[in-house]
Structure formats: C-alpha cells, structure tokens
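Okay, structure first, notes after.
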Amino acid sequence: MVSFEKPKYTFPFDYKDQISSLKKHKKHRSIPKKNRDSLLVCTWNIANLGLHKRQTDHYRIIAELLSWFDIIAIQEVHDDLSGLYKLEEFLGTEYDLIFTDKGGNDERAAYFYDANKVERLQMVGELAIPVAEHRHIKLPDIKTKFTGFDRNPFIVSFQFKEERFVLINAHLYFGNNKKAAKNRRSLEAYAIGRYADLRRNDKHTFTDKIIALGDFNIPKAIKGDVIFDALSKRGLTLPKYSTKLASSISTDAEYDQVMFFPNIKKKVVNNGVFDFDGVIFEELWAKSESDFKKYCRYYISDHRPMWVELRF
C-alpha cells in the first residue's frame, strides 16, 4: 500500500459538531435508523486504514458512520491492524470483527457486524480459483490469461432472521487505466461473477443467496464499461438508485458497488451512497477545495460508503 501524502497543515475541529452535521445529512440521504425488520449492509474502502496517521477524532467520525449499519465490508485495511482496532474500540462491544491475513499490496479485507442482530455462520474463507479452472476465466477480446486474484475476495456467511446469505468482499486489482491493467481487472471481475453463479446453482451450496460487494474499481457501472460487463456477465445486477452518486470524492468514478442475483435483489428496499465529504470540515472547504479533498482522503477516505437496506 502506498500512503497518500499527509497534509502539511493542521485543521482544528470539534468532532461532535462534525458528527452532528453527518447525522443531519443522514436524514437527507434517507438512511433509515437501524431496526429489527430490515438489514443495513454497507461497503466502504477506508483509504489505507492502519497506514495513514489518523487522529483519534478522525476515527470517531469514521466509527460514527459505520455504526449506522448492521454489516460493513471494509477494503484497504493495512497489514498493520492498529487502525482497524481503533475503530473496533469506538464501535463498542455490540460489533464483532473478522478479517483476512494480508494479500496483494499488503492489504487485508474485513467485516464489522452487529452480533446482536446477525449471526455469523460457519462458512468463511477467501475466494481462490483452483488452477485447473483458470482456463475457464476468459473473456472475448482478452488474450491475457487469468492467474489468480491480487487480493483474494473475502467470503463470510451470515444469518438474519431465518435467511442465511453470503457476502463476497472484493477489492479488485487496479494498476492503472491502460489496457493491460483493465484486462487483468476484467478477468478478476468475471471470476467473481462466475464463482457466485456456479455456487448459487450448485446442489451442495451453503446458500444460494450471494451478494458481491466492495471496490471493483469500475469507472462506470453501466453496460459498455468493460469491468462492469465482466462482473455482470453471469447475472449479477444492480438495484435501482433514486439518486446515483459517485463513490469517489474526487471524480465521477463508480468504483464501489453492491451487486445481487434476482433472488435477493428483490429484497432491496432502499440504497444509496453517503457523501460525507459534502458536510464535514466546512471551514476548510470554504478556504480551499483542494486542501479539503487532500485532508478528507488522508484522514477519512477518498471513497464514500455505499449501502443497501434489505427486507427479508
């Protein structure tokens, strides 16, 4: 992992004021309060978590956002677990934590989940495609061979009420925007979609309710985008968004997504992206938009959280 440049300036703020602003904006973005009848699932790439030298109040702000949801899939956790443990401290004992060992780029993947509301089930693991099946991970017009994931997606099974389901927490290879890197990313995307499709139709599957979520490094989540087409080729689809926001704070990129097969997509009753960067650190924004974005991406994240509400 490569750290973003740490801002050379300080910005004093009252974290309680920032949290108050976030809560007001939460209502504006129609994020419901946690309740017993529905499940709130979130995915968030928290930039270089454990590598950036965040202050305590920055962790308080991040933890506040996480606390709005029942299950949170987190990407870009550094091998140094100090940042993740700091969030665990502020989330409190109702949340349990599970994470992988490091993969490519010295990254781990993690989940926080409200153990009073959902039960973590027995099936847990990293998604790795057997070498004998690599030949099946192929796409038209791509001659590159699939050789495995740079960071294995993290699979964890949960139960809410009487329904059990599986989440696949992914952070696809990025590299750059050149064709070779996009081809590699497309193959990783297709490998996830293929795996999920095969497992949902397998008579031995643990559950046919599979959700793929995370940072897929998709420029645009629309038909015609090569990464999106690869990920959705085997049937994974997106819910409808009442208001569609980019998941990047600096561009219009739609890197992060939550994708479903029809058997569970119909259970989505609400969803969105939370643009925290539109409401915090207002004085810094007024002073310098450039400094504001550098500050946000280092101390909070350059990605916005994406969430869905499911009703079983």
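The values are calculated or read from the model by the stated rules, or taken from the named source; none is laboratory data. For clarity, every value in this text was computed on a predicted model and none was experimentally measured. Reconstructed Cβ throughout: ideal geometry from the backbone, glycine too, with neighbour counts over all protein chains shown.
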message: When you scan the stretch 187-197, do you find a residue that is in contact with a His (Cβ under 8 Å, 6 or more places away or on another chain) and either on the phi < 0 side of the Ramachandran plot or part of a loop (DSSP other than H, G, I, E, B) (or both), even just one?
response: yes
- request: Mind checking which strands (runs of 3 or more DSSP E) fall wholly inside the stretch 63-123 and carry at least 3 residues that are touching a Phe, Trp or Tyr at 6+ places or on another chain (Cβ under 8 Å), among the charged types (D, E, K, R) and at pLDDT below 95?
  value: none
field: Long-range neighbours under 6 Å by Cβ, at least six apart or interchain, first residue closer than 23 Å to E107 by Cα and modelled with pLDDT of 95 or more within the stretch 187-215, second outside any loop (DSSP other than H, G, I, E, B) and of a type in the set (D, E, K, R)
entry: D215/D256
Enumeration of residues in the stretch 56-78 that are touching a residue at least 40 places away in the same chain (Cβ under 8 Å) and touching a helix residue (DSSP H, G or I) at 6+ places or on another chain (Cβ under 7 Å): D57, H58, R60, I61, I62, E64, L65, L66, W68, I72, H78
query: Does G224 qualify as being part of a loop (DSSP other than H, G, I, E, B), in contact (Cβ under 8 Å) with a residue 24 or more places away in the chain, among the small types (G, A, S) and within 30 Å of L198 (Cβ to Cβ)?
result: no
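Yes or no, residue by residue, for (1) buried (at least 19 other Cβ atoms within 10 Å of the Cβ); (2) among the aliphatic types (A, V, I, L, M):
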| residue | (1), (2) |
| --- | --- |
| I155 | yes, yes |
| A170 | yes, yes |
| K178 | no, no |
| K182 | yes, no |
| I192 | yes, yes |
| L198 | no, yes |
| D202 | no, no |
statement: Taking the stretch 17-50 and keeping only residues that are in a strand (DSSP E or B), touching a helix residue (DSSP H, G or I) at 6+ places or on another chain (Cβ under 9 Å) and among the β-branched types (V, I, T), one is left with I46
message: If I filter the stretch 227-234 for residues that are under 22 Å from Q159 (Cα atoms), among the charged types (D, E, K, R) and surrounded by 15 or more Cβ atoms within 10 Å (Cβ to Cβ), do I get at least one hit?
response: no
task: Name the single residue, out of those in the stretch 1-55 being β-branched (V, I, T) and surrounded by 16 or more Cβ atoms within 10 Å (Cβ to Cβ), that is nearest to I71 (Cα to Cα).
output: V41
message: I'm trying to understand the selection: among the residues of the stretch 258-311, which are acidic (D, E) and either under 19 Å from K26 (Cα atoms) or crowded, with 21+ Cβ neighbours inside 10 Å (or both)?
response: D275, D277, E282, D302, E309
task: Could you figure out which of (1) in a helix (DSSP H, G or I); (2) closer than 22 Å to R234 by Cβ isn't true of T147?
output: (1)
Evaluation of F174 against (1) in contact (Cβ under 8 Å) with a residue 12 or more places away in the chain; (2) touching a Phe, Trp or Tyr at 6+ places or on another chain (Cβ under 8 Å) (one fails), failing number: (2)
message: I'm trying to understand the selection: among the residues of the stretch 227-271, which are under 20 Å from R185 (Cβ atoms), assigned to a strand (DSSP E or B) and either among the small types (G, A, S) or over 17 Å from the mean Cα position of the chain (by Cα) (or both)?
response: S248
query: Right, K8: without any contact (Cβ under 8 Å) to a residue 40 or more places away in the chain and assigned to a loop (DSSP other than H, G, I, E, B) or not?
result: yes
- prompt: Looking at the stretch 124-144, which of the residues that are under 26 Å from the mean Cα position of the chain (by Cα), of a type in the set (A, V, I, L, M) and assigned to a loop (DSSP other than H, G, I, E, B) is surrounded by the fewest Cβ atoms within 10 Å (Cβ to Cβ)?
  reply: A128
